[in-house]
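Have a look at the structure below, then the notes.
The values are calculated or read from the model by the stated rules, or taken from the named source; none is laboratory data. All values reported here derive from a predicted model rather than from experimental measurement. Please note: Cβ atoms are built from the backbone with ideal geometry, for glycine as well, and neighbour counts cover all protein chains shown. Surface accessibility is based on the protein's heavy atoms, side chains included, excluding ligands, DNA and RNA. Shrake-Rupley method; radii C 1.70, N 1.55, O 1.52, S 1.80 Å.
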Amino acid sequence: MKLILITPPHFFPQEADALNYLLENTSFRLHIRKPKVSKDALEKLIQQIDEKFYSRVVLHDAHSLALKYPLGGIHLNKRNPTAPDKYAGTISSSCHSWNEVLSYRNTVNYLFISPLYDSISKQGYSQAFTESQLQEAQEKGWIDQRVIGLGGIAPDKIPLLKSYGFGGVAVLGYVWKDFIETLDYSSLQARLRACEDQIQLE
């Protein structure tokens, strides 16, 4: 089961330091999602990440940077629905319905389905699937190792999602929580590690 960490949408103080710290000390794939940030600003962030972690970094925006740097992949979304010409790396995408999952899962390496639960980071972004709907999706074989659960994910949700057969979870609000205000690295890592522990728990 994969563990994916998504960045907050805006830059914040010591962001590169925090990302390098987490990448050094925890096993996960990093999705950089900065929808309103310029390509140049995004490139500066990438340059501050240690090159040894590039293979674990995925871009949601400014996909052309994945042709310039040896990054781990790109993520398709409404803002960026197609991969750049000549791009041959890993591709993921966002989905918000099972019809989308069925349409796209054979054309990408993995995809997000959301929101599974009420979002922690986005006010008003509410749970879109009931437990019975998730059970039905499991029974119909719509959930497999390419399907990543997103939205309101905290450690207590991971065992159930694992039982449904999800290939991983993507976390955001639970992990980043109040880090931007506190810059408390130990608590930040502890929250990410709590997710990692549930994924590794058999």
field: Residue check, S119 of a type in the set (S, T, N, Q), touching a helix residue (DSSP H, G or I) at 6+ places or on another chain (Cβ under 8 Å) and within 21 Å of V147 (Cα to Cα)
entry: yes
field: Condition check for L183: within 18 Å of T26 (Cα to Cα) and either surrounded by fewer than 17 Cβ atoms within 10 Å (Cβ to Cβ) or without any contact (Cβ under 8 Å) to a residue 12 or more places away in the chain (or both)
entry: yes
query: Can we say L201 is farther than 15 Å from L5 by Cβ and open to solvent by less than 70 Å² (accessible area, probe 1.4 Å)?
result: no
task: State all residues of the range 80-138 that are open to solvent by less than 30 Å² (accessible area, probe 1.4 Å) and of a type in the set (S, T, N, Q); if no residue qualifies, say none.
output: S92, S93, S114, S119
query: If D85 satisfies every condition in (1) modelled with pLDDT under 95; (2) closer than 26 Å to G151 by Cα but one, which is the exception?
result: (2)
- request: Quick one: Q14 ticks every box in (1) in contact with a Lys or Arg (Cβ under 9 Å, 6 or more places away or on another chain); (2) at pLDDT below 95 except a single one, so which number is it?
  value: (1)
Tally, over the range 146-180, of residues that are open to solvent by 20 Å² or more (accessible area, probe 1.4 Å), farther than 25 Å from E100 by Cβ and in contact (Cβ under 8 Å) with a residue 60 or more places away in the chain: 1
Residues of the range 14-53 classified as under 20 Å from P84 (Cα atoms), open to solvent by 10 Å² or more (accessible area, probe 1.4 Å), of a type outside the set (K, R) and assigned to a helix (DSSP H, G or I), total: 3
message: Against the condition under 12 Å from L5 (Cα atoms), in contact (Cβ under 8 Å) with a residue 12 or more places away in the chain and surrounded by 13 or more Cβ atoms within 10 Å (Cβ to Cβ), how does V57 come out, does it pass?
response: yes
